[in-house]
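This report concerns only the one structure given below.
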Amino acid sequence: MASQGLCPSIKNILLLDSEGKRVAVKYYSDDWPTNNAKLAFEKFVFTKTVKTNARTEAEVTLLENNIIIYKFVQDLHFFVTGGEDENELILASVLQGFFDAVTLLLRSNVDKREALENLDLILLCLDEIVDGGMILETNGPLIAEKVTSHSLDADAPLSEQVMQLCFDLVCVWEAIEPNATYFMKATA
């Protein structure tokens, strides 16, 4: 699935725990046709990268003709895979967008327990970033905003939905502009 330089594509996005087990994964390529092939790839990638120091910045490696960009945070390992002809900077921007969105959605408490408790938000996050291998969005705060708008409880009263949306938007905005001040105009 070469992109030919015109339209970059993603083969998969993996979120694994500190033992290499799945937390959330999404495959966009037929390179791994069976679940066993996917699990074997995940184990291979994990064992090849686990001893590296990818805690401060994302790292890049070439494994089995795939470029893999990865980053570790606490007990979570984030991976983005593209073909060997993909641009590493584009793959890195996808990884950073995913990481930033997850950080915002988990309120900066990025660990396995929080990720599993909010798995629905993480899976929505993956859907907002890539569709069928095509990159849709790489801006973390924008991804988080879209996810929070999807996660409103449709059965809740409208006033509660509005309050939740406002709260979520303020949280996203504070992450973007931590020193921002808010003004509300009183109406008579």
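The values are calculated or read from the model by the stated rules, or taken from the named source; none is laboratory data. Just so it is clear, the structure is predicted and the values come from calculations on it, not from any experiment. So basically every Cβ, Gly included, is an ideal-geometry build from the backbone, and we count neighbours across all protein chains shown.
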Which condition from (1) charged (D, E, K, R); (2) touching a Lys or Arg at 6+ places or on another chain (Cβ under 7 Å); (3) closer than 17 Å to Val130 by Cβ is the one that Lys26 breaks? (2)
Scan segment 64-119 residue by residue and report those that are within 17 Å of Met134 (Cβ to Cβ) and in contact with a Cys (Cβ under 8 Å, 6 or more places away or on another chain). Phe98
Residue count, segment 7-52 (criterion: acidic (Asp, Glu), over 18 Å from the mean Cα position of the chain (by Cα) and either part of a strand (DSSP E or B) or crowded, with 17+ Cβ neighbours inside 10 Å (or both)): 1
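Being farther than 27 Å from Ser108 by Cα, surrounded by 15 or more Cβ atoms within 10 Å (Cβ to Cβ) and either aliphatic (A, V, I, L, M) or at pLDDT 95 or above (or both): is that true of Phe78 here? Let's see the steps before the verdict.
Details: farther than 27 Å from Ser108 by Cα: no; surrounded by 15 or more Cβ atoms within 10 Å (Cβ to Cβ): yes; either aliphatic (A, V, I, L, M) or at pLDDT 95 or above (or both): yes.
It is false that Phe78 is farther than 27 Å from Ser108 by Cα, surrounded by 15 or more Cβ atoms within 10 Å (Cβ to Cβ) and either aliphatic (A, V, I, L, M) or at pLDDT 95 or above (or both).
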Residue check: is Leu15 closer than 23 Å to Asn139 by Cα and free of Cβ contacts under 8 Å to residues at least 12 places away in the same chain? no
Give the number of residues within segment 53-62 that are among the β-branched types (Val, Ile, Thr) and part of a strand (DSSP E or B). 2
Hey, Lys71 hits all of (1) in contact with a strand residue (DSSP E or B) (Cβ under 8 Å, 6 or more places away or on another chain); (2) surrounded by fewer than 19 Cβ atoms within 10 Å (Cβ to Cβ) but one; which does it fall short on? (2)
Selection from segment 94-151 of residues that are surrounded by fewer than 19 Cβ atoms within 10 Å (Cβ to Cβ) and of a type in the set (Phe, Trp, Tyr): none
Within segment 101-127, tally of residues that are within 11 Å of the chain's Cα centre (by Cα), closer than 15 Å to Leu14 by Cα and of a type outside the set (A, V, I, L, M, F, W, C): 1
